[in-house]
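A short reminder: the numbers here are calculations on the coordinates, not readings from a lab. Since this is a predicted model, take the numbers as computed values, not measurements. Cβ sites come from the backbone with ideal geometry, for glycine too, and all protein chains shown count toward neighbours.
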């Protein structure tokens, strides 16, 4: 009986100590994690606008070149949602998109020329697609294939190497379904968000 009681006390003490350590670690690392996420987002916005920066100057370059515009959106649940648009000094507009890919969420930045139709740049902040297949949507070569394409009335996914006009974007061999989901996500959110700016 004494052995069981001693074991319960040890487990409780050990559990309390470990829980306290986790709380302290979380307290000290949470601001660092938040700061890193903020820097990653700013870098993605600057990259989408093709604005050069050094790692040490991300904040300064962002402040000098980007202004933020807030717009109110009534979502499907009839709730108010604040959408933040990013505007460059050249009057280009960008917004953060996010939604389901094939296997998980895809979050990124879509930047448009001042005409609000022509794609200036696309960057991916986070994705959960299969490495080596759908995960290739983050590759520069694929994202560059969106440059100068027309998001209005909408992009069309086509077989690799067969895009022939400003609305068509090649898919990636072996990742067609991820590319289809990604292009559908861009079309959907551009349609919703650009309505707030017109």
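Of the residues making up the stretch 123-143, those that are closer than 19 Å to residue 95 by Cβ and either assigned to a loop (DSSP other than H, G, I, E, B) or out of contact with any helix residue (DSSP H, G or I) (no Cβ under 8 Å at 6 or more places or on another chain) (or both) number 2. Any chance the stretch 111-128 includes a residue that's in contact (Cβ under 8 Å) with a residue 60 or more places away in the chain, surrounded by fewer than 18 Cβ atoms within 10 Å (Cβ to Cβ), within 16 Å of the chain's Cα centre (by Cα) and more than 16 Å from residue 195 (Cα to Cα)? No, the stretch 111-128 contains no residue that is in contact (Cβ under 8 Å) with a residue 60 or more places away in the chain, surrounded by fewer than 18 Cβ atoms within 10 Å (Cβ to Cβ), within 16 Å of the chain's Cα centre (by Cα) and more than 16 Å from residue 195 (Cα to Cα).
Contact map, the stretch 141-155: first residue on the phi > 0 side of the Ramachandran plot and free of Cβ contacts under 8 Å to residues at least 60 places away in the same chain, second residue surrounded by 13 or more Cβ atoms within 10 Å (Cβ to Cβ) and assigned to a strand (DSSP E or B), Cβ cut-off under 9 Å, separation 6 or more or different chains; pairs are 148/118; 148/119; 148/120.
Filter the stretch 70-108 for residues that are surrounded by 16 or more Cβ atoms within 10 Å (Cβ to Cβ) and out of contact with any strand residue (DSSP E or B) (no Cβ under 7 Å at 6 or more places or on another chain) and give the result.
102, 103
Restricting attention to the stretch 42-65, the residues that are free of Cβ contacts under 8 Å to residues at least 24 places away in the same chain, closer than 22 Å to residue 148 by Cα and either exposed (fewer than 11 other Cβ atoms within 10 Å of the Cβ) or in contact with a strand residue (DSSP E or B) (Cβ under 6 Å, 6 or more places away or on another chain) (or both) add up to 1. Applying the set (1) within 23 Å of residue 47 (Cα to Cα); (2) surrounded by fewer than 19 Cβ atoms within 10 Å (Cβ to Cβ); (3) free of Cβ contacts under 8 Å to residues at least 24 places away in the same chain to residue 176 leaves exactly one unmet item: (1).
In the stretch 31-40, is there at least one residue being surrounded by 17 or more Cβ atoms within 10 Å (Cβ to Cβ), assigned to a helix (DSSP H, G or I), out of contact with any helix residue (DSSP H, G or I) (no Cβ under 6 Å at 6 or more places or on another chain) and in contact (Cβ under 8 Å) with a residue 24 or more places away in the chain? Taking every residue of the stretch 31-40 in turn, none turns out to be surrounded by 17 or more Cβ atoms within 10 Å (Cβ to Cβ), assigned to a helix (DSSP H, G or I), out of contact with any helix residue (DSSP H, G or I) (no Cβ under 6 Å at 6 or more places or on another chain) and in contact (Cβ under 8 Å) with a residue 24 or more places away in the chain.
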